[in-house]
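Since the structure comes first, as structure tokens, the remarks are kept for the end.
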Amino acid sequence: MAEIIQEEKGKKGGKRRPKKHSTHIDMTPMVDLMCLLITFFMLTTAFAKAKVMVITMPEKDPTEQIKDQPEIPAFRTLNVLLSGDDKLYYYIGVADPKKPPLPTLIKSDFSKDGIRKVLLEKNKDLFTKIFEYRDKRIKGEIEVADTTADYTIKEMKKADKKGPIVLIKANDLAKYKDIVNIIDEMAICNIASYAVVDISPVELEMLKNAPQ
Amino acid sequence: MTPMVDMFSLLLTFFMLTASFRPQEAAQIETPASISEKQVQDKDILTIFIAKDGKVFFNMDNGRDTTTRFRADVLKKMEEAFKEKYNLSFTEEEVDLFSRLAGFGMPIKDLKAWINAKDSKEREKLQTGIPSDSTDNQLMYWVRYARVVNPYAEVAIKGDAETDYTAVKKIMDLLQENKVNKFNLITNLVPEEATPADIPK
């Protein structure tokens, strides 16, 4: 920018000096732009990657008959029936219309004191075992890699012969989150064996007569 | 002023380097919560979106390798399968454009219009869900061809928490018919833990 340098008066014989230019640049537009860009990036960035819960369903091949199906003692089977509205019922054993009386449904919910208490009590041994193992790892008493730890826990679950076998069944009123919640509960309680299976007509009938 | 500018530059660089853009999604989906900490893989994955109203959307990627264009291959196979029924034909440009787009959900006959749509608003109008009932099961074809083209693809289900279980079950049954037995249910992490103290005495 052109600047007019005024001749200084009063000083005689003094050299004419150019006025010193200021070294400061006006940064306001730059800052404005930066603010804009930061906001843009902050809003469009997807920080947390989506988490997944892996579930493997039993194969549905009608040609492949399952042979030598292991006998499951009835007292180990815990049936969980989901019926929407955050409602949940469970019963132990098998509901067979040929062998009355039918088991009674017990009402419960998804809260901490609901189904979790039931599951924890049934799965006491395995749960404590796995919890202690994890605790030891946190405290540094056992030093193993994550994959080894996962494998050890898997083996513990496989070896378990006392814990419940949970069968999850849902009727038409159930929401997707109910299923996810109950599978999540299985993970929290370290249940070794569970499956999502189709609901039987007897159980639908039982749900109709269940306490509200 | 200078410290502020310094900090801004720093932040800007950070955001620019870490940015992985949030993909545009076909529908607003609120996933249910779980304690699972496993991360979803970003490649070789087929995602099936199930919205609250039961509408189904589908997304897949082009594979880990930059030379593969699985989306384009799948589209060509779909074109082959539905050519006669809907008089379909996609140009080379349309196939190319499709391979760069994200999730979609409409009957195959509307796909051409979706690819050629000018803006996202127009695209949104066309998202009516992929037919997945027994009379016209187009979702099954998408899944089947996607699995043929990319045998390593895993299936992720992103369902809304309030979706009816029956709608999700229908999709799962369909997938099991296509020999998919492992599902990745997309959830959002809410940590929760039980301790031995919680065991009732």
> Relative to the longest principal axis of chain A, what angle (0 to 90°, nearest 10) does the C-alpha long axis of helix A:28-44 take?
Replying inline: 10
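Could you work out, residue by residue across A:167-180, how many beta carbons of other chains sit within 10 Å of that residue's beta carbon, and then give the average as an integer? Walk me through the intermediate numbers first.
Numbers: counts 0, 0, 0, 5, 2, 4, 3, 5, 12, 17, 12, 3, 7, 12.
If you average over the peptide's residues, the count of other-chain Cβ atoms is 6.
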> Which of the peptides A:190-202, B:158-170 is most tightly packed, and how do the rest follow, judged by the mean count of other Cβ atoms within 10 Å per residue?
Replying inline: B:158-170, A:190-202
> Listed here are the pairs A:175/B:55; A:169/A:208; A:60/B:170; A:175/B:170; which of them are more than 22 Å apart at the Cα?
Replying inline: none
>> If neighbour count is taken as other Cβ atoms inside 10 Å, put B:88, A:88 in order from fewest to most.
In response: B:88, A:88
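For segment B:37-86, calculate the relative contact order in percent as a whole number, restricting contacts to Cα pairs under 8 Å that are 6 or more residues apart.
Normalised by residue count, the contact order of segment B:37-86 is 24 percent.
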>> Only Cα pairs within less than 10 Å get springs; with that Gaussian network setup on chain B, which residue of B:107, B:191, B:131 has the largest fluctuation?
In response: B:191
> Quick one: Karplus J couplings for segment B:110-117, per residue in order, coefficients 6.51, -1.76, 1.60, θ = phi - 60°, nearest Hz, x for Gly and Pro?
Replying inline: 8, 5, 4, 5, 5, 4, 8, 4
>> What's the whole-number percent of alpha carbon pairs in the protein assembly as shown lying beyond 35 angstrom?
In response: 46
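Pairs of Cα atoms under 8 Å, at least six residues apart: use those to get the relative contact order of chain A, whole percent.
This gives 22 percent for chain A.
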>> Sort B:97-105, B:180-188 by packing, meaning the average of other beta carbons within 10 Å per residue, with the highest value first.
In response: B:180-188, B:97-105
> Averaged across the residues of B:157-170, what count of C-beta atoms belonging to other chains lies within 10 Å of each residue's C-beta?
Replying inline: 5
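Could you estimate the translational diffusion coefficient of chain B from the Stokes-Einstein equation, with Rh from the Kirkwood formula over C-alpha pairs, at 25 °C and 0.890 mPa s, in whole µm²/s? List each step's numbers first, then the result.
Details: Rh = 19.0 Å.
In µm²/s, the coefficient is 129.
Summing -39500 (n - 2.57) over the DSSP H runs of n ≥ 4 in the protein assembly as shown and dividing by its residue number, what mean residue ellipticity at 222 nm do you reach, to the nearest 500 deg cm²/dmol?
Working: 13 runs with 157 residues, N = 413.
The helix contribution divided over the protein assembly as shown gives -12000 deg cm²/dmol.
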>> Below 12 angstrom from the Cβ of residue B:87, what's the summed charge of the other residues (Lys, Arg +1; Asp, Glu -1)?
In response: +2
> Which loop trypsin sites (Lys or Arg not before Pro) in segment B:1-94, with loop taken from DSSP, have no more than 16 other Cβ atoms within 10 angstrom of their Cβ?
Replying inline: B:43, B:64
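I need the peptides A:49-56, A:35-42, A:76-83, A:133-140 ranked by packing, meaning the mean over residues of other C-beta atoms within 10 angstrom, with the highest value on top.
Order by mean packing, descending: A:76-83, A:49-56, A:35-42, A:133-140.
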> Out of B:68, B:13, B:128, any idea which swings most in a Gaussian network model of chain B, alpha carbons joined below 10 Å?
Replying inline: B:13
> To the nearest 10 degrees, how steeply does helix A:176-188 sit against the main Cα axis of chain A, on a 0 to 90 scale?
Replying inline: 80
> In what order do A:177, A:112 fall by count of nearby beta-carbon atoms within 10 Å, going from fewest to most?
Replying inline: A:112, A:177
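How many percent of DSSP beta bridges within the protein assembly as shown run antiparallel, rounded to 5? Walk me through the intermediate numbers first.
Numbers: 24 of 45 bridges.
The answer is about 55 percent antiparallel.
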> Mind checking the mean number of beta-carbon atoms from other chains within 10 Å of the Cβ atoms in B:176-187?
Replying inline: 5
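Coordinate-derived values only; no laboratory data. Note that the structure is predicted; figures quoted are calculated from it, not measured. Cβ coordinates were reconstructed from backbone atoms using ideal geometry, including for glycine residues, and neighbour counts include every protein chain displayed.
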